[in-house]
Amino acid sequence: MVATAHPVPPAPSARGRWTVLAVCCLSMFLVGLDTTVVNVGLPAIGRGLGADTRGLEWIVDAYTLVLAALLISSGALADRFGRRRVFQWGLVVFGAASLLCAFAPSAGVLVAARALQGVGGSMLSPVALAIVVNAMPDPKERARAIGVWASVFGLSMAAGPVVGGALLAGLDWRALFWINVPVVVVALLLSAVYVPESRAPRARRLDLPGQVLLTVVLAVVVGVLIEGPRIGWTSPAALAGYAGAVVAAAGFVRVESRRPEPLMDLRLFGRPVFSGAVVGAVAVFVALSVTLLLNTLYLQQTRGWTPLAAGAATLPLAVGATLCAPWSGRMVGRTGPRPPLLLAGGFLTAGGLLLVGLTPHTPVPLLLAAYLLIGVGFGFANAPITNTAVNGLPPARAGVAGAITSTARQLGSALGIALAGGLVGGASPSGLARASRPGWFLVAACGVVLLLVARVSRPKEEAAGPASVRKRSGG
């Protein structure tokens with residue numbers, strides 16, 4: 001019996017390709033938005049469900065933890081079963097989980113529903129990017145599309161508090177989740193009409209042992225950070241958590257180093273440039289998450305601002321990120337990743353240092369200036385980090401490198417929430433400003449990390465290879 005190949009679908013027209021990009025960007029906007037939109041509603045959720053600060057941290061981190069843990073495996077599933085199919089599964093799961101969040105009667109149910117949202121979100125982010133890359137065969141057009149993609153991702157993360165504040169102005173916190181449902185329905189309809197099906201020429205095997213161990217490591221580390229202030233950092237439960245994290249991490253390294261197709265190719269971390277990019281991705285999103293959580297709690301609990309006003313205060317952050325993300329992409333193309341990384345590190349450091357003396361009466365212009373500096377730093381950071389991660393790797397490994405950096409970003413978000421919540425968890429409204437000061441030092445330290453990452457990133461000539469250097473020098 002002769003096997004027949006699947007017919008290759010015709011390439012979409014130029015208009016069709018950009019429609020595919022628009023549909024995929026819509027899903028990406030949802031994933032990024034749900035990482036931060038809940039922050040501004042945390043005080044209202046706490047009052048509505050009787051949740052304390054640690055419960056609120058779990059409501060945010062349940063989503064980002066599951067998203068971080070499953071990103072790579074979801075990409076492998078899409079390569080095997082079809083990207084459009086897995087993308088649509090992700091939309092259905094995400095929409096259903098959003099309904100569960102909106103109807104949640106308790107904090108525990110909301111945490112579980114947020115984890116389910118993370119499952120759906122993991123099927124959207126890497127899969128949608130693979131769909132875009134497959135639909136854009138021309139390298140220049142693909143580069144422009146990825147630039148748009150990066151800008152939408154940055155905008156979604158930065159716009160979350162603004163959108164959340166606007167929803168809470170006229171509705172209650174459940175609207176933060178209701179809003180996802182019509183967007184999911186539209187994305188499902190458009191994907192059925194415009195998004196072509198595609199698969200990888202050779203699908204990767206699923207690495208279930210590696211997936212389980214990675215999930216355990218992430219969950220235990222973040223769990224100890226969240227629960228540490230309550231259970232005590234030297235309590236038997238905390239010590240068991242430390243030991244469990246070490247054992248799971250050692251097991252993960254052992255398993256991954258022996259598998260022919262590992263979940264995470266650990267050999268990539270032997271490249272200082274790649275390792276630096278992963279560390280930089282974690283640092284950027286730690287800084288962003290710390291900023292958004294401390295901003296929400298400080299403005300609403302200490303200063304008594306409404307959710308809308310607290311969300312509007314982050315507009316400078318959103319504007320800075322939105323304007324500087326495409327600018328950063330162009331700079332990477334012209335000069336390499338080092339200059340925008342230096343700018344990102346400098347602005348983040350300056351923004352964090354501006355707020356280390358925060359008081360209950362800090363002038364509003366100073367707050368807005370700090371948020372603008374942090375937003376500009378965030379906008380400059382994403383494109384060079386992605387470029388640095390895949391720089392110098394064979395094309396076959398670029399997708400894996402991108403998936404690892406996406407995981408690092410979500411891990412940074414989860415760590416940032418856990419660290420910021422631990423700092424202010426027991427603080428009174430009047431003492432919250434003082435308790436949050438180490439958090440702003442942490443934001444500044446994340447900027448310093450980016451400056452160090454810039455030192456190990458390659459300038460444009462080195463990234464292009466020896467032949468390019470010889471050509472430019474006339475050799």
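Of the residues in the stretch 220-235, at least one is at pLDDT below 90, under 30 Å from Ile59 (Cβ atoms), among the acidic types (Asp, Glu) and under 24 Å from the mean Cα position of the chain (by Cα). Please determine whether any residue of the stretch 101-121 is within 25 Å of Leu411 (Cα to Cα) and without any contact (Cβ under 8 Å) to a residue 12 or more places away in the chain. The answer is yes; a qualifying residue exists. Pairs meeting the criteria (first residue in the stretch 263-289 and free of Cβ contacts under 8 Å to residues at least 60 places away in the same chain, second residue open to solvent by 10 Å² or more (accessible area, probe 1.4 Å) and of a type in the set (Ser, Thr, Tyr), beta carbons under 8 Å, at least 6 apart or on different chains) are Leu266/Ser257; Phe269/Ser275.
Going through (1) of a type in the set (A, V, I, L, M); (2) in contact with a Ser or Thr (Cβ under 6 Å, 6 or more places away or on another chain); (3) open to solvent by 20 Å² or more (accessible area, probe 1.4 Å) one by one, Ile374 falls short only on (3).
Please go through the stretch 184-213 and pick out each residue that is assigned to a helix (DSSP H, G or I) and out of contact with any helix residue (DSSP H, G or I) (no Cβ under 6 Å at 6 or more places or on another chain). Matches in the stretch 184-213: Val185, Val186, Leu189, Ala192, Val193, Leu208, Val212.
Here Glu197 meets the list (1) within 20 Å of Trp89 (Cα to Cα); (2) out of contact with any Gly (no Cβ under 8 Å at 6 or more places or on another chain) almost entirely, failing just condition (2). Criterion first (out of contact with any Phe, Trp or Tyr (no Cβ under 9 Å at 6 or more places or on another chain) and of a type outside the set (A, V, I, L, M, F, W, C)) does Thr314 satisfy it? Judged against the criteria, Thr314 is not a match.
For the stretch 253-267, a residue qualifies if it is within 15 Å of Ile72 (Cα to Cα) and either in contact with a Ser or Thr (Cβ under 7 Å, 6 or more places away or on another chain) or modelled with pLDDT under 85 (or both), and the qualifying residues are Glu261, Pro262, Leu263, Met264, Asp265, Leu266.
In the stretch 373-392, the residues that are of a type in the set (A, V, I, L, M) reach residues that are modelled with pLDDT under 75 with C-beta atoms within less than 7 angstrom, at least six apart or across chains, in these pairs: Ala383/Ala150; Ala389/Ala401; Ala389/Gly402; Val390/Ala398; Val390/Ala401; Val390/Gly402.
Taking the stretch 106-125, which residues are buried (at least 24 other Cβ atoms within 10 Å of the Cβ), part of a helix (DSSP H, G or I) and not small (Gly, Ala, Ser)? Answer for the stretch 106-125, where residues must be buried (at least 24 other Cβ atoms within 10 Å of the Cβ), part of a helix (DSSP H, G or I) and not small (Gly, Ala, Ser): Leu110, Arg114, Gln117. Residue pairs whose Cβ atoms lie under 6 Å apart, sitting 6 or more positions apart in sequence or on different chains, and linking a residue in the stretch 68-84 that is more than 12 Å from Leu206 (Cα to Cα) to a partner that is in a loop (DSSP other than H, G, I, E, B) and charged (D, E, K, R), are Gly82/Glu197; Gly82/Arg199; Arg84/Glu197.
Restricted to helices (runs of 4 or more DSSP H) entirely inside the stretch 233-342, those with at least 1 residues that are open to solvent by 10 Å² or more (accessible area, probe 1.4 Å) and aromatic (Phe, Trp, Tyr) are 236-258, 315-335. Just give me the residues in the stretch 187-214 being touching a Leu at 6+ places or on another chain (Cβ under 8 Å) and either at pLDDT 85 or above or of a type in the set (Asp, Glu) (or both), in sequence order. Ala187, Leu188, Leu190, Ser191, Asp207, Gly210, Gln211, Leu214, listed by residue number. Would you confirm, using the coordinates I've provided, whether Ala350 is at pLDDT 85 or above and surrounded by fewer than 23 Cβ atoms within 10 Å (Cβ to Cβ)? Judged against the criteria, Ala350 is a match.
State the number of residues belonging to the stretch 426-452 that are open to solvent by 30 Å² or more (accessible area, probe 1.4 Å), out of contact with any Gly (no Cβ under 6 Å at 6 or more places or on another chain) and either touching a residue at least 60 places away in the same chain (Cβ under 8 Å) or polar (S, T, N, Q) (or both). Counting residues in the stretch 426-452 that are open to solvent by 30 Å² or more (accessible area, probe 1.4 Å), out of contact with any Gly (no Cβ under 6 Å at 6 or more places or on another chain) and either touching a residue at least 60 places away in the same chain (Cβ under 8 Å) or polar (S, T, N, Q) (or both) gives 12.
Please indicate, with yes or no, whether at least one residue in the stretch 86-105 is outside any helix (DSSP H, G or I), open to solvent by less than 30 Å² (accessible area, probe 1.4 Å) and modelled with pLDDT of 90 or more. The answer is yes; a qualifying residue exists. Residues that are at pLDDT 80 or above, touching an Asp or Glu at 6+ places or on another chain (Cβ under 8 Å) and under 24 Å from Ser428 (Cβ atoms) number at least 3 in the following helices (runs of 4 or more DSSP H) confined to the stretch 1-85: 42-49. Tyr63 falls short on exactly one of the conditions (1) within 15 Å of Asn180 (Cα to Cα); (2) in contact with a Lys or Arg (Cβ under 9 Å, 6 or more places away or on another chain); (3) open to solvent by 10 Å² or more (accessible area, probe 1.4 Å), and that condition is (3).
The values are calculated or read from the model by the stated rules, or taken from the named source; none is laboratory data. This structure is a prediction, so every number in the text was calculated from the model and none was measured. Glycine gets a Cβ as well: all are built from the backbone with ideal geometry, and neighbour counts include every protein chain shown. When the accessible area is computed, the model is the full protein with side chains, heavy atoms only, and any ligands, DNA or RNA have been set aside. Shrake-Rupley method; radii C 1.70, N 1.55, O 1.52, S 1.80 Å.
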